[in-house]
């Protein structure tokens, strides 16, 4: 798997990627315990990603098979920018990151995060942040290499 990332390309999703992205999204959502998402959220999200008026994006990672020349979608990341009262520049929130189980620990997650970092710089929103579940130790192995753990805690409005 160590050479995996050399055969991986990452780019923004395009309209023709809907089926691949939704397949990966459903695998991602299946890793959560009953997330109670609204019906059709996967299509609503994808529509946002390809709408140039919405500042919400997804990038998808493709693995190229050298023997056939075909590409397989193996991961994605979703992100958006927003203003902040604590700084002049917008901030980038990395909302979702997923790599298919068969392709983890091969540098694909890092490559997806680096894509977000590069795009955040281009968008003038270089402050990138994200969160993860406290038990997601595998992801945290990557996160401690590409970022740092803050002391913030997340609270949510009751019922939401």
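The values are calculated or read from the model by the stated rules, or taken from the named source; none is laboratory data. Just so we're clear, the structure is a prediction, and the values are computed from it rather than from any experiment. In this analysis, Cβ positions are derived from the backbone assuming ideal geometry, glycine residues included, and neighbour counts consider all displayed protein chains.
Is it the case that residue 20 is part of a helix (DSSP H, G or I), in contact with a strand residue (DSSP E or B) (Cβ under 6 Å, 6 or more places away or on another chain) and either touching a residue at least 40 places away in the same chain (Cβ under 8 Å) or over 17 Å from residue 110 (Cα atoms) (or both)?
Yes: the conditions hold for residue 20.
Just to verify a result, which residue in region 80-100, among those that are touching a helix residue (DSSP H, G or I) at 6+ places or on another chain (Cβ under 6 Å) and farther than 15 Å from residue 11 by Cα, is surrounded by the most Cβ atoms within 10 Å (Cβ to Cβ)?
92
Looking at region 131-149 only, could you name the residues that are under 25 Å from residue 35 (Cβ atoms), at pLDDT below 80 and part of a loop (DSSP other than H, G, I, E, B)?
Listed by number, the residues that qualify are 133, 134, 135, 136, 149.
Just to be sure, is residue 44 closer than 22 Å to residue 11 by Cα, surrounded by fewer than 17 Cβ atoms within 10 Å (Cβ to Cβ) and within 19 Å of the chain's Cα centre (by Cα)?
It is true that residue 44 is closer than 22 Å to residue 11 by Cα, surrounded by fewer than 17 Cβ atoms within 10 Å (Cβ to Cβ) and within 19 Å of the chain's Cα centre (by Cα).
So residue 64 passes all but one of these: (1) closer than 18 Å to residue 6 by Cβ; (2) touching a strand residue (DSSP E or B) at 6+ places or on another chain (Cβ under 6 Å); (3) surrounded by fewer than 19 Cβ atoms within 10 Å (Cβ to Cβ); (4) touching a residue at least 60 places away in the same chain (Cβ under 8 Å). Which condition number does it fail?
All conditions pass for residue 64, except number (4).
Among the residues of region 45-79, what is the count of those that are out of contact with any helix residue (DSSP H, G or I) (no Cβ under 9 Å at 6 or more places or on another chain) and closer than 20 Å to residue 130 by Cα?
Result for region 45-79: 2.
Across region 101-130, what is the total count of residues that are part of a loop (DSSP other than H, G, I, E, B), loosely packed, with under 15 Cβ neighbours inside 10 Å and either touching a strand residue (DSSP E or B) at 6+ places or on another chain (Cβ under 7 Å) or at pLDDT below 90 (or both)?
Residues that pass the stated criteria total 1.
Which of the following residues is more than 28 Å from residue 124 (Cβ to Cβ) and not in a loop (DSSP other than H, G, I, E, B): 27, 36?
So the residue among 27, 36 that is more than 28 Å from residue 124 (Cβ to Cβ) and not in a loop (DSSP other than H, G, I, E, B) is 27.
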